[in-house]
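Undergrad: Sharing a structure with you now.
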């Protein structure tokens, strides 16, 4: 059963990594996807870090929904 949760944690890392690349290409804030990668990786490495991972993922979701342009546009 634990393997099921680890599988979804690593799937979340992959999805958030794709989101980081897309955010970079669209020149929008990358804070949310980066926090998503960190949060899912924390849980993926060990379930002991589940509580910090959940907190980081909640903050990540907040920043993902607050999509805005990058401040430094070229």
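The values are calculated or read from the model by the stated rules, or taken from the named source; none is laboratory data. Computed from a prediction, not measured in an experiment: that's the story for all the values here. Every residue, glycine as well, gets a Cβ built from its backbone with ideal geometry; the counts of neighbours run over all protein chains shown.
Undergrad: For region 55-68, enumerate the residues that are outside any helix (DSSP H, G or I) and either modelled with pLDDT of 90 or more or touching a helix residue (DSSP H, G or I) at 6+ places or on another chain (Cβ under 9 Å) (or both).
TA: Listed by number, the residues that qualify are 66, 67.
Undergrad: Which residues, taken from region 27-54, are loosely packed, with under 12 Cβ neighbours inside 10 Å and part of a helix (DSSP H, G or I)?
TA: Across region 27-54, the qualifying residues are 48, 51.
Undergrad: Quick one: would you say residue 9 is assigned to a helix (DSSP H, G or I), buried (at least 16 other Cβ atoms within 10 Å of the Cβ) and on the phi < 0 side of the Ramachandran plot?
TA: In short, yes.
Undergrad: Also, I was wondering about something else. For region 13-28, which residues satisfy the criterion of being modelled with pLDDT under 95 and in contact with a helix residue (DSSP H, G or I) (Cβ under 7 Å, 6 or more places away or on another chain)?
TA: 23
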